[in-house]
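Have a look at the structure below, then the notes.
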Amino acid sequence: MKYNIILMYFYNILIINHSIIYSCGVLVTREIEKKWQKKWEEAKLFQSNHDEKEKVFLTVAYPYPSGAMHIGHGRTYTVPDVYARFKRMQGKNVLFPMGWHVTGAPVIGIASRIKNKDPWTMELYEKVHQVPKEELSKLEDPEYIVKYFSSEYHQVMSDMGYSIDWRREFKTTDPSYQKFIEWQLRKLKEMGMVRKGNHPVKYCPNCDNPVGDHDLLEGEGVDVNELTLLKFEIDGKYLTPATFRPETIYGVTNLWLNPEVKYIEVENNGENWIISGKSFNNLSNQIKDLNIVGEIDPKELIGKEVKNPVTNKKHPIFPASFVDPEYGSGSVFSVPGHAPADYIALQDLKNNHDLLNKYNLKDTVANIQILNVVTLKKYSQIPAKDLIEKLAIKNQEDPKLVEATNELYKVEHSKGVMSPHIPDYAGDNVAIAREKIKKNMISDSLASIMYDFAEHPVVCRCGNRCVIKIMDNQWFLKYSDEDWKEKTRECLAQENIIPNEIRSNFEYYIGWLEDWACSRRIGLGTHLPWDKQWLIEPLSDSTIYMAYYSIANYLKELNVQDINDAFFEKIFFNKDSDDLKITDDIVNTIQSEFSYWYPLDWRLSAKDLIGNHLSFHIFHHAAIFPKENWPQGMVVFGMGLLEGNKMSSSKGNVILLSDAIEKYGADVVRLFLMAAAEPWQDFDWREKEVIGTKRRLDRLFEFAKTIEDIKGSPLDLNNIKKVKLSRKIDLWMINQLNIRIKDTTDALEGFQTRKALQDSLFLLKKDIDHYMYRVKHLLESNKRDEAIVFVLSTVLKSWIKILTPFIPHSCEELWSSYGGDGFVAKTLWPIDNIYFADESNVSDDEFLASETIEKSEEIVQGTVHDILQIKKILDKEPEKIHIYLANDWKWDLYKIADDVGKPDIGQIMGRAIGQNVHSDKKEIAEFAKKISREMTKTRYIGKIDEQDILNDAKDFIEEEVNTKIFIHKDNSYDPEDKAKNAIPYKPAIYME
RNA sequence: GCGGGGGUGCCCGAGCUGGUCAAAGGGGACAGGCUUAGGACCUGUUGGCACAGGCCUACCAGGGUUCGAAUCCCUGCUCCCGCACCA
């Protein structure tokens, strides 16, 4: 024990040292980040108002603040911030708002658990969500929970430097928002999109409330199954076994009852049913007015007969210990032909002489004839038996029995056909027959529907067992309505979906969605305006709230009583009305604000919300707004992983965003999150790689210092001394910069943050390294080379700009440190033809084409590479290196080969001879053969002046290969006949 | 079961409108340099065989289309995600 404490002590020291060492490398500290955040706020940089500029309106799903923000959330909210900042620099007027979705039930449960000092919850909120002790007890109030965490979210979002227009912040319980929701629901009701009906839910009788999966102590993710209750008559009463497979009613041989459990007689609508005592709780929540009449002794029923409701055959009742009194109604009908469990139970009973004697069943059991119902290829008339034999199942306790049951259920459902002797349904697929039989039996009052959990128990957090309750008089949104679906599809079709592969997912969900229960009993929220006992279900109040953002700041100024339906009709549809209570000028201002910002350009959300939130969002926009205000695009996010494992607050596997910011700084966190994966992919937070990201950021600052060092005086980005460039390597660097700017811009347009950073940070850094390497020898002879200073300053200036959306604090700091004017966030995004766009630079026609510039550098590098390769395998150091360039006829032939486009030597030869490119046919053939394969590996961009290129880089090459080089256009000196190896873009080499 | 998306080198992960792909980038490993030292930085190597700039084998498996396939088509295997009344 002591030993461990000592070890921990050392470990702590190591950790402390660790962070000290790293923090030494920080160039942008938290203080600097806070400084810039304050400056942005003071300058109201992100307050967006209606003006003449082109607008971009984007929203990201507002959070449900029931816990602290973790790095997964950090990614979700950084993506829109990066895009917003990018678009602003492109001169757009961008609206990026934020609100809090506080309606719903979870906080109610959390609050009561905190009140009850539930240890798990207390630990979660204290350790994972890091709520201070003095605040913890206040979380007994659900309103306080959302208040506490929404202000926490607000703080962390500010610390991340998000460019949010906070004037439009709201909570979904704000009175004016509730007015907005009431208006929407009334509107939908008027349109006939709301109906009343019944609906089964997971329910806790103790809490007297429906419960969601996250409110469960046990049984998370357990399905609710729909079962058919079949009524088997016995002495004027009914036994009501429940089943998944009503079609097997034709194969019933007997019923099973558990003689060791309590059964009761209940009265239901004039009928008397015999059910297990334990099933009453569940059934009574589903069937109205179910009254207990008395107890029934199951032992007395054993051996008696029941009547099959469909075939009218008589079946005996047998005892069985496997009958679970909690499942269904506590009795089971036996289909040994198609249910392995029934088959084996029957076998077991046959061998159980004690039991047979006790109930005097010997003859009855022996007379049971197993019946066939379903015909299945590759199976006998008794498929249950086949499977039991195949899996070698010995008795009822065998765990493989479940496997056999599931297997047969699946196979018969998907491939089974009703056997020829089954009346009315012979030849039908099982799946179809099942539905038909169920429907017919219910309409003939031979059966009814009940619901049960697929597994027991399902336990509420309060400790009580849950049941399934039919909620009656529920209100539904009619997503099943075909016209509504059609309109929704139309809306989807005109939207941009990123990534586009997700589109088919939406199409699927729109088709699949059925009516959605939009009312609930508990939680925070808005009451249904026409039926106040109901609250509006929290997904249904979050469908078109983006429209609310556009006017939220104005609504804060208004008197809530004055906000009525007429107001919203005016704002959203410009409909005039006598009921308006607000003066014209104010209404018109708000109206124009809405019509400026709408439609929504981009909606961002997580991919697990496709089937509900996002689909509802389309449904409601399609229903309520005219086409010109339909949403324009959606971006769907992936999930977050932590060191390869799924992030989950409730499992404690999270890193809080606030901790990450404290440790690494907002820019590092932003940079890592944006570089780790594209938004729609799952990203993985790996500590090691986060640290790597930090180093890379530091190097940006070092680069700036390097330039100043070369220049020998302070950098002034706002006033870069222009120099006309003549060296190809300088042009190459500028050209690479342009390529990176273009690729970054394209990537950002499509929300590809990872690719954008790949281009703007990593690849550009590589280019700069390469450039520095290429000009190293020039700096040695002239440290203050003006062209180099010009090139590097130009690169730095653009580099800072294109990184600003990602690491805004660092970029502001760099910008202001090196003479930039104002906020870099307010500067314009760089164009992608810097230098070349200026006509005075463009005298040398040859270097207009970026391809040529790239190719030149490739030739230089390729030549160096080849020389080094050959040198490596020579015995001795060469004294001279001769470089031979391809002569004109080779270029001509190369062009022909490119035109032909494939390695078809015959055709290339034919054309070459036809055009008479060269007199020596043998040489042509030889060369054609040589290049025919090479061709496909090289990009042909036309003839370029290789001599000029190599001469320009001659000193660099000589330094690299440490030997004098001689460039030859012909083979006047060619002792080893190497010149013939020269190919366009790939000179021949000879060393001596 | 229904629906969607994948399987790439030691690991993560790009590429996938066919040729510039032995395959970007990162991580790891190895070697070297810089250094008092380094968890900092730089360079090189990281499929095999060659050794005058080359060849072979490779992108789950099998088949096909093509002059040419990681990329297109078919088949199989396999992994992941969603399936609801609720954030």
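The values are calculated or read from the model by the stated rules, or taken from the named source; none is laboratory data. Bear in mind that the values here come from a model prediction, so they are computed numbers and not experimental data. Note that we place each Cβ from the backbone using ideal geometry, even for glycine, and neighbour counts take in every protein chain shown.
Of note:
- Filtered by the rule that a residue be farther than 22 Å from A:ALA676 by Cβ and either within 12 Å of RNA strand B (Cβ to nearest atom) or modelled with pLDDT under 85 (or both), region A:618-651 gives A:PHE619, A:SER650.
- Qualifying residue in region A:835-843 (condition: in a helix (DSSP H, G or I), farther than 30 Å from A:ASN981 by Cβ, small (Gly, Ala, Ser) and modelled with pLDDT of 80 or more): no
- The residues listed here are A:LYS880, A:LYS922, A:LYS876; of these, the one that is modelled with pLDDT under 80 and within 13 Å of RNA strand B (Cβ to nearest atom) is A:LYS876.
- Restricting A:ILE497, A:ILE502 to those that are part of a strand (DSSP E or B) and either over 30 Å from A:PHE232 (Cβ atoms) or acidic (Asp, Glu) (or both) reduces the list to A:ILE497.
- The residue pairs whose first member lies in region A:569-581 and is on the phi < 0 side of the Ramachandran plot and surrounded by 13 or more Cβ atoms within 10 Å (Cβ to Cβ), whose second member is part of a loop (DSSP other than H, G, I, E, B) and hydrophobic (A, V, I, L, M, F, W, C), and whose beta carbons are closer than 7 Å, counting only pairs six or more residues apart or on different chains, are A:LYS570/A:LEU580.
- Single match in A:ARG699, A:ARG670 (criterion: modelled with pLDDT under 80 and either surrounded by 15 or more Cβ atoms within 10 Å (Cβ to Cβ) or assigned to a helix (DSSP H, G or I) (or both)): A:ARG699
- Counting only helices (runs of 4 or more DSSP H) that sit wholly inside region A:108-176, those with at least 3 residues that are of a type in the set (Val, Ile, Thr) are A:142-159.
- Test: residue in region A:508-515 that is surrounded by fewer than 21 Cβ atoms within 10 Å (Cβ to Cβ) and either hydroxyl-bearing (Ser, Thr, Tyr) or more than 18 Å from A:HIS617 (Cβ to Cβ) (or both): yes
- The lone criterion from (1) within 16 Å of RNA strand B (Cβ to nearest atom); (2) under 27 Å from A:GLY640 (Cβ atoms) left unmet by A:ARG740 is number (2).
- Hey, A:VAL201 more than 28 Å from A:ILE661 (Cβ to Cβ), modelled with pLDDT under 90 and surrounded by 18 or more Cβ atoms within 10 Å (Cβ to Cβ) or not: yes
- For region A:945-979, a tally of residues being closer than 22 Å to A:TYR771 by Cα and away from RNA strand B (no atom under 13 Å from the Cβ) returns 13.
- Candidates A:LEU893, A:LEU885, filtered to the one that is more than 16 Å from RNA strand B (Cβ to nearest atom) and closer than 15 Å to A:ALA982 by Cα: A:LEU893
- Which listed residue, of A:SER279, A:SER284, is crowded, with 22+ Cβ neighbours inside 10 Å and either within 47 Å of the chain's Cα centre (by Cα) or under 30 Å from A:ILE382 (Cβ atoms) (or both): A:SER279
Here's the yes/no breakdown for (1) within 10 Å of RNA strand B (Cβ to nearest atom); (2) in contact (Cβ under 8 Å) with a residue 40 or more places away in the chain; (3) among the basic types (Lys, Arg):
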| residue | (1), (2), (3) |
| --- | --- |
| A:LEU657 | no, yes, no |
| A:LEU673 | no, yes, no |
| A:TRP680 | yes, yes, no |
| A:ARG686 | yes, yes, yes |
| A:ARG696 | yes, yes, yes |
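- Count of region A:736-758 residues which are over 23 Å from the mean Cα position of the chain (by Cα) and of a type in the set (D, E, K, R): 3
- Every listed requirement among (1) within 27 Å of the chain's Cα centre (by Cα); (2) basic (Lys, Arg); (3) modelled with pLDDT of 85 or more is met by A:LYS724 save one, (1).
- Against the list (1) under 30 Å from A:THR76 (Cα atoms); (2) part of a helix (DSSP H, G or I), the condition A:VAL795 fails is (1).
- Filtering region A:821-834 to residues that are closer than 25 Å to A:TRP732 by Cβ and either among the acidic types (Asp, Glu) or touching a Leu at 6+ places or on another chain (Cβ under 7 Å) (or both) leaves A:ASP832, A:ILE834.
- Taking the criterion of being in a helix (DSSP H, G or I) and within 9 Å of RNA strand B (Cβ to nearest atom), the residues of region A:746-756 that qualify are A:ARG754, A:LYS755.
- Candidates A:ASP348, A:ASP386, A:ASP342 - the one that is assigned to a helix (DSSP H, G or I) and over 29 Å from A:GLU226 (Cα atoms): A:ASP348
- Identity of the residue in region A:702-741, basic (Lys, Arg) and over 28 Å from A:ASP948 (Cβ atoms), that ends up surrounded by the most Cβ atoms within 10 Å (Cβ to Cβ): A:LYS711
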